[in-house]
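Chemist: Dropping the structure in here first, questions after.
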Amino acid sequence: MSSVESSKDFEQFRDELDAVERRLAGEIDPGVRAMVVAGAVFVLLFSLVLSHAGSARGFDVLLATDTTRIEHIGLPSRIFVWFVVVFGIGFSLLALMTRRWVLAWIAVAGSAIASVFGVFSIWHRQTPGLGNYVGAGPGIGLIIGTLAVMVLTFHWIRVVWSRTTMHLAAEEQRRNAAAAAEARDRRRLLGDS
């Protein structure tokens, strides 16, 4: 079989190989960190059952019940709980189940913002309000939730930044193929072929 015939046979499958390569490049392999992420998600769920401030539990903050009004739960706590539910729990579970890189990045971004709002919520519960109102301080659920979302953020960052040797080899091969195609096009345009 001549090299021209084998080249034609290979070109026939190039689209399929490129599709497989793109699919693999969009996947993550959390490895052992998957258990840590799953554990952090469980702790986040558990923190919603615990007290966030006084008698207001995490689910009360999420659902904006009368307890949150009585306990003077502020906007930082509400934002924190919503980010925990949507990104820390929701997108983390989706990313673990589908192993999609883009979902893991969304989980990282949302968890990082939730970490900031968690710290801000703790600070907010320790600061006197209008008219020197001093309510209940931060509850154990708020503190545990903030620590869990920080751990979750750290481990998701490690997962999305890690690249397997297969990913690195595929990227190198893509770069080499793009450089060869560019050189071939340049020779063809300049009439050097």
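The values are calculated or read from the model by the stated rules, or taken from the named source; none is laboratory data. Because the structure is a prediction, the values reported are computed rather than measured. Surface accessibility is based on the protein's heavy atoms, side chains included, excluding ligands, DNA and RNA. Shrake-Rupley method; radii C 1.70, N 1.55, O 1.52, S 1.80 Å.
Chemist: Using modelled amide H (1.01 Å from N, peptide plane; none on Pro or chain starts), what sits under 5 Å from the amide H of residue 27, excluding residues fewer than 5 places away?
Modeler: Placed amide hydrogens put 101 under 5 Å from residue 27.
Chemist: Shifting gears a bit: Taking 25 °C and 0.890 mPa s as the conditions, I'd like the Stokes-Einstein D for the stretch 69-144 in µm²/s, using the Kirkwood hydrodynamic radius from alpha carbon pairs. If you can, show how the numbers build up before the last one.
Modeler: On the way: Rh = 13.4 Å.
Diffusion coefficient, whole number: 184 µm²/s.
Chemist: Would you kindly state how much longer the chain becomes between residue 126 and residue 65 on full extension, computed as 0.36 nm times their sequence separation minus their alpha carbon distance, in nm to one decimal? Mind dumping the intermediate values first?
Modeler: Details: separation 61, 0.36 × 61 = 21.96 nm, distance 2.16 nm.
Additional length available on full extension: 19.8 nm.
Chemist: Sort 172, 71, 182, 27 from largest to smallest accessible area, using a 1.4 Å probe on the heavy atoms of the protein chains.
Modeler: Correct descending sequence by accessible area is 182, 172, 27, 71.
Chemist: Also, I was wondering about something else. Can you give the relative contact order of the stretch 40-193 as a percent, counting alpha carbon pairs under 8 Å and 6+ residues apart? Each step should come with its number before you reach the end.
Modeler: Numbers: 188 pairs, mean separation 44.9, N = 154.
Answer for the stretch 40-193 is 29 percent.
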